[in-house]
Amino acid sequence: MKQRLSVKVNGRSHELDVQPGATLAEVLRDELMLTGTKVGCDAASCGSCTVLVEGRAVKACSVLAMQVHGKSVTTIEGVADDDRLHPVQEAFIQNHGLQCGFCTPGFILASKALLEEGGEISEAQIRAGLGGHICRCGSYPNIVKSVLGAAKAMRGA
Amino acid sequence: MQRRRDFEYFAPRTLEDALDLLLEHREDDTKVICGGQSLLILMKQGVVAPDYLVDIKGLSSLNYVDNGRDWLRIGAGTPHRAIETSIAIADWCPVLCEAERRLADVEVRNWGTIGGNLAHADPSGDIAPCLIVLDGRLKLQSANGERILPIDQFSVDFFETVLRPDELLTEIQIPKVKPYTGSAYTKFVIVEGDHPIVGAAVSVTLDPATGSCRDARVALTGAGPVPLRARRTEKVLAGNTITEDVIAEAADVASNEADPVSDMHASEAYKRMLVGILVRDVTKAALQRVNEE
C-alpha cells in the first residue's frame, strides 16, 4: 500500500505517494527525475548515490524513502546557487577532480558536508571522510586536491 | 531472489506505539527497521521479506547519549556518527569511539544506529566486542515490561539474538570504567571500513602499586557464531604482570579459544593466526592507554 511522503528537495516541497519499500534513490530519480544521484552498487558501498539529509551525507540507495518524511534533502542539482557554482564544484573543475563524472555528485555532496562540519581539514581527514566513495577512473589524487582547494576557498584562505 | 514491495509499513511516533505494534504482530512475519544500513541491503536482495515492517528511525526518544555518575546510557537509535564524535563517550570509554571511527564509512555512520547494529547481530561486528570488554548491558523493552541483560548474553547464533518478537532493544548501558584501566580495539580488514575478518578488543585494569594486572577482558569478533568473550585468554592476563611473554601466551591461548570458520576471506588457520596477532597488538595498546591516563 502506497504511503504519503512529504519531503523538501533542494528547497522545493513535494507530496508523493511511494511504495514503502522504495529507496530514497529510487524516489529522487524515478519520481522527481533528479537523475544526478546515481545508483552504482545499490549496496551502500560505492557512494555514487550520496545525498544530504538535513545536511548530513547518506547513501540514498540504502535509505528508505519514507524515512525522510518531513525532512529536507539536497541532491547534486541543489548544490549550485542558480548559475553560481559552489566552491566545492569550482575546486573540482580547477583541480580536474573528475573523469567520467559518475562518482562526482556523490563526492561533491560528501565533501560539501565534510567541509561544512567545520574544523581543521587535513589530507588524512579528507581520505577518511570520503572512504565511502569509489572512483573507478582513479581520480583519487585530484579529488583530494579538489577538496583541499575547496577547503582553502571556503575558509577564506 | 526477488525484492518484495508489498509489505505493510508502520512508522510509529512513540516508543509505546512501536511496542504495541510489535505486541500486536508478534505472531506475524514482522521486522523492525531503524537506519536500515544492514537490513535494507538484505531486503533489496530478497533475503529478508517480512509481511510487516515497523520503522523506528523516527523515534527521536531513542537518540541520546546520557552520562550519569555511574552509568553511561546510549539510546539504541543513536547514529554511529554521533557516538564516534561524542566528547562524553570519548571521555567515558574511548575504545567505543575508536571502533566507531573504523565502522563502514561516514554516510553509513550518519544513518545507521548502534542499536540496529547490535540487533542485527552480525557475528563479525565492531561494536559488540567493545561493549563486552566494557561490561556493557542492554535494555530490552516490550509493552509488558523491560529486562536488562549483560551484552554477552544477547547474541545466541549467527544473526540471532534473544530479542522476543514483541521486544525492542532500547538502550545500551556502560558502567564507569575503573581507574587504571585501558582498552583498545582493532580489526583486520582488506579495505578500511569493511566488517572485521577478525577483530579483538581488550581491557586491562592494573594495580597501581605493583603494576600487575588486576582484571582483564578479551572479546573477539569474526571468530565464532557470536561475539566471543575469551575467558581463557583473560585468565592468562589477570593476576599477572603483563610481560612480553605473558602477552605471547595470551595471544596463543586466544588463537585456540577462537572458533572461526573458513570462508572467502580467509581460512580457519589464517584467522586463528590473525586472532593471535590482534590480541597481542590490542593488549599492548590497552596497556599503553593505562599509562596515558
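The values are calculated or read from the model by the stated rules, or taken from the named source; none is laboratory data. Quick caveat: nothing in here was measured; it's all calculated off a predicted structure. Please note: Cβ atoms are built from the backbone with ideal geometry, for glycine as well, and neighbour counts cover all protein chains shown. Heavy atoms of the whole protein, side chains included, go into the accessibility calculation; ligands, DNA and RNA do not. Shrake-Rupley method; radii C 1.70, N 1.55, O 1.52, S 1.80 Å.
Please get the size of the charge dipole for the protein assembly as shown, origin at its Cα centre, with Cβ charges of +1 on Lys and Arg and -1 on Asp and Glu, quoted in debye to the nearest 20. List each step's numbers first, then the result.
Values: 48 positive and 61 negative charges, 144 e Å.
I would put it at about 700 debye.
With each run of n ≥ 4 DSSP H residues scored as -39500 (n - 2.57), what mean residue ellipticity at 222 nm is computed for chain B after dividing by its residue count and rounding to the nearest 500 deg cm²/dmol?
Working: 11 runs with 102 residues, N = 293.
Per the formula, -10000 deg cm²/dmol.
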Exercise for the section: Within segment B:166-206, which residues have the backbone N less than 17 Å from the label spot 7 Å out from residue A:124 along Cα→beta-carbon, could you tell me? Expected result: B:192-193
Exercise for the section: Treating only the Cβ atoms of Lys and Arg (+1) and Asp and Glu (-1) as charged, compute the dipole magnitude of chain B about its Cα centre; round to the nearest 20 debye. Expected result: 420 debye
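Measuring with a 1.4 Å probe in the full set of protein chains, what accessible area per residue, in whole Å², belongs to segment B:77-119? Don't jump to the answer; show the numbers that get you there.
Numbers: 1190 Å² over 43 residues.
Result: 28 Å² of accessible area for each residue.
Where the accessible area of segment B:1-67 is counted over protein heavy atoms with a 1.4 Å probe, how much of it, in %, is carbon and sulfur? Before the final figure, lay out each step's value.
Values: 1490 of 3560 Å².
Accessible surface attributable to carbon and sulfur in segment B:1-67 totals 42 percent.
Estimate for me the total accessible surface buried between chains B and A (protein heavy atoms, probe 1.4 Å, no ligands or nucleic acids), in Å² to the nearest 100. All intermediate terms of the calculation are to be shown ahead of the outcome.
On the way: alone 13950 and 8270 Å², together 20070 Å².
Buried surface at the B/A interface: approximately 2100 Å².
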Exercise for the section: Kindly identify residues of segment B:35-56 having a loss of at least 20 Å² in accessible area between the isolated chain and the assembly of all protein chains, probe radius 1.4 Å. Expected result: B:37, B:40, B:41, B:44, B:55
Completion exercise
Among residues of segment B:4-26, a drop of 50 Å² or more in 1.4 Å probe accessible area, assembly relative to the chain on its own, occurs for B:5, B:7, B:9
Practice task
Only Lys, Arg, Asp and Glu count, each charged at its Cβ (+1, +1, -1, -1), so figure out the dipole size of segment B:176-265 about its Cα centre, rounded to 20 debye.
Solution key: 480 debye
Handout entry: Spin-label pair residue B:263/residue B:243, simplified geometry with 7 Å Cα→Cβ offset, distance in nm
Key = 3.9 nm
Exercise for the section: Could you tell me what percent of the accessible area of segment B:76-223 is made up of carbon and sulfur, with a 1.4 Å probe and every protein chain present? Expected result: 52 percent
Fill in the blank from the handout: Among B:118, B:180, B:128, the residue whose Cα sits farthest towards the positive end of the charge dipole of segment B:98-201, when +1 is placed on the Cβ of each Lys and Arg and -1 on the Cβ of each Asp and Glu, is B:180
Handout entry: Globularity index of chain A, i.e. its alpha-carbon radius of gyration over 2.2 N^0.38 Å
Key = 1.03
